[in-house]
Each structure stands twice: as structure tokens, then as C-alpha cells.
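A.B. asks: Attaching a single structure in C-alpha cells format; questions to follow.
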Amino acid sequence: MPPAVELQHRPTPWGVLRSRGAGTPRPGVPEVVVVHGLAVADYLEPAVRELGTWTRAHLVELPGFSGSADPPRPMDVADHADAVIEWLTASGLDDVVLVGHSSGTQVAAHVAVREPDRVRALVLASPTVDPAYRSMRRVLLAWRRNHELEPPELDVEHTPDRQRAGLRRVRHALAVHLRDRLEDTVERVPHPVLVLHGDRDRLCTEAWARELSERARVGRFRSVPGAHSFVWTAPGAWSAPIAELAGTPPLPR
């Protein structure tokens, strides 16, 4: 069975950040640090536990979301990256595989650029924001189309996190992520980059996901079954590709 989840709270200049850890550190195996999507984190816990079957995996909750404290001021994408960097410092972690899902890909990419010595590889799972939907109206329409392909229980899973964040903070977070251009950031990442794209994703086109892998200095593309939140419908879907990127085969189940 996937390992149990342990909660940790670490003080940073952006407030106390909560993280969830699963698995055990293994000699020669990099630990994995995951950054969640817009305003929600609970949905990623099963997928993080799957990563914990072959390494120590961490889900960092950004300031103002899920179980982390409110930040001292409204934050943009660069600020969220700084919070993750502060969490890495407080945790004493280096040489990690950094993973972002959805808007977390934008944050993770900035961390990889700013802290190259702390990151071994970068994973962009269901990356955002696709230029085809880079306006408030277009991204909300794309979200609605994708929402029709997601299971109803995902909304139930998201509700506590969305209520905790509040509509104003969610709107602000969406606005700052719409202004951030992941395709420009990924070109500056000095590490291997793996792009994971759900074959039914309606928030990220396959063409743009492939373009991101081609813009990376050392890029790979992998299609996986599912919509934008494939990590919820198939929590283990990213485990083997990430382990392969890390140079470590998953342990037998």
C-alpha cells in the first residue's frame, strides 16, 4: 500500500507553510517536491503517496492555500516561487526532482531557474497557461469544457480548499498566472524537463505541451490517459515517468 502521509509546518518569511510527506528517503534516490494547482492541494495527496512508494515525496502548500498560513500581502507567481525556495531552505533539501501540476508548473519552473543547484529535474504535469486560453474569459471557458470530463467527486475534494482560499484570493491567483509565460521560463531551466499531458486535457493543448518539451534544453514529452486532473483519476500515472526521469526505477509493488 502507498505510505501514510505526515504533516509538517515550517516558518518562512511568507508565513508558516504546511507540507505533506510520504515515503522514506533512499540512498542515491532524489526526493520529490510537488507544487499544487490553483488554490487546491488535497486532490494531489493520493498521487504524492504513490511517489512515496519509491522515494520521499513532499507536497508543499502555498501561502494562503490549504493548510498554510495567510501571506503578508497578495502574491504573484515569483512570490510563490520564493515561498517554495524558503521552504526548501527550511527543510534542508537539495538535488530534488521538482514537480508542478497545473498552475504549479509555473511556480516550479521559476524555482528551477532561480535555484539550479537544488533541482535535479523538473516535471510539468498539465502545464498552464496555454496561450490559446490566456485571457480570463477563454481560460474559464476551457475550464468548463475540461470540467465536463472530470469526475464529480473531484469537486467535492476541492471544496474545502476553495472555501479556505476565498473567491478574492482565487481570482487574484488566476490573474497573476495568466500574466506568466511558462514557455519563456522553461527555456531558462538548465535541468532535464518532463512534460506530462493528459490525452483528454481541455485546458492544455497537446501542441503547446509538446512545444514546451521542445523549448526545454533537455526536454521529454509523455502523454497519459485522462483530463487536466489525471493525477486524481489515476494517481499512479505519473510515478513511473517521474522515477525514470530521476534515474530510479520504482520499487516492485
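A.B. asks: If you build a Gaussian network model of the chain, linking Cα atoms that sit under 10 Å apart, which residue out of 235, 127, 116 swings the most?
C.D. replies: 116
A.B. asks: Right, here's the next one. Within 10 Å of each residue's Cβ, count the other Cβ atoms and sort 86, 183 from fewest upward. Let's see the in-between values first.
C.D. replies: Numbers: 86 18, 183 15.
So the residues, fewest neighbours to most, are 183, 86.
A.B. asks: How far apart, in nm, are two points set 7 Å out from the Cα along the Cα-to-Cβ line at residue 6 and at residue 205?
C.D. replies: 4.6 nm
A.B. asks: Report, in whole Å, the centroid distance computed from the Cα atoms of region 65-85 and region 152-220.
C.D. replies: 17 Å
A.B. asks: In which sequence would 136, 75 go, from the one with the fewest C-beta neighbours within 10 Å to the one with the most?
C.D. replies: On the way: 136 12, 75 20.
Least to most surrounded, the residues fall as 136, 75.
A.B. asks: Still on this structure: Using a simple charge model, +1 on the beta-carbon of Lys and Arg, -1 on the beta-carbon of Asp and Glu, nothing else, what dipole does region 5-246 show about its Cα centre, in debye to the nearest 20? Please report the intermediate quantities before stating the final value.
C.D. replies: On the way: 30 positive and 32 negative charges, 94 e Å.
Taking the Cα centre of region 5-246 as origin, the dipole is about 460 debye.
A.B. asks: Would you kindly calculate the mean projected area, averaged across all directions, of the convex hull enclosing the Cα atoms of the chain, in square nanometres?
C.D. replies: Hull-based average projected area comes out at 11.7 nm².
A.B. asks: Picking from 40, 132, 121, whose Cα lies most toward the positive end of the charge dipole for region 10-156 (charges on Cβ: Lys, Arg +1; Asp, Glu -1)?
C.D. replies: Of the options given, the answer is 132.
A.B. asks: Can you give me the relative contact order of region 5-246 as a percent, contacts being Cα pairs under 8 Å and 6 or more apart?
C.D. replies: It comes to 21 percent, rounded to a whole number.
A.B. asks: Now for a separate question. Quick one: compute the contact order of region 112-253, relative version, from alpha carbon pairs under 8 angstrom and 6+ residues apart, as a percent. List each step's numbers first, then the result.
C.D. replies: Numbers: 195 pairs, mean separation 44.0, N = 142.
Result for region 112-253 is 31 percent.
A.B. asks: Subtracting the Cα-Cα distance from 0.36 nm times the residue separation, let me have the gained length for residue 141 to residue 85 in nm, one decimal.
C.D. replies: On the way: separation 56, 0.36 × 56 = 20.16 nm, distance 3.29 nm.
Going from the current span to full extension adds 16.9 nm.
A.B. asks: For residue 16, what residues show an amide H to amide H distance below 5 Å, using hydrogens built from the backbone and excluding near sequence neighbours?
C.D. replies: 69
A.B. asks: Using a Gaussian network model of the chain whose springs link C-alpha atoms within less than 10 Å, name the residue from 157, 45, 31 with the highest mean-square fluctuation.
C.D. replies: 157
A.B. asks: Collect residues whose amide H, placed 1.01 Å from N in the peptide plane, falls under 5 Å from the amide H of residue 99; neighbours closer than 5 in sequence don't count.
C.D. replies: 33, 34, 35, 123
A.B. asks: Further question: Select from 208, 97, 175 the residue farthest towards the positive end of the dipole of region 94-212; place +1 on Cβ of Lys and Arg, -1 on Cβ of Asp and Glu, and compute about the Cα centre.
C.D. replies: Toward the positive end, the furthest listed residue is 175.
A.B. asks: Follow-up. Can you work out the Karplus-derived ³J(HN,Hα) for every residue in region 180-191? Use 6.51 cos²θ - 1.76 cosθ + 1.60 with θ = phi - 60°, whole Hz, and x for glycine or proline.
C.D. replies: Karplus-based 3J(HN,Hα) across region 180-191 equals 8, 9, 4, 4, 6, 5, 5, 5, 9, 6, x, 9 Hz.
Computed from the coordinates by the stated procedures, all read-outs in this text should not be read as laboratory data. Given the structure is predicted, the values throughout are model-derived calculations rather than measurements. Here the Cβ is made from the backbone with ideal geometry for all residues, glycine too, and neighbour counts use every protein chain on show.
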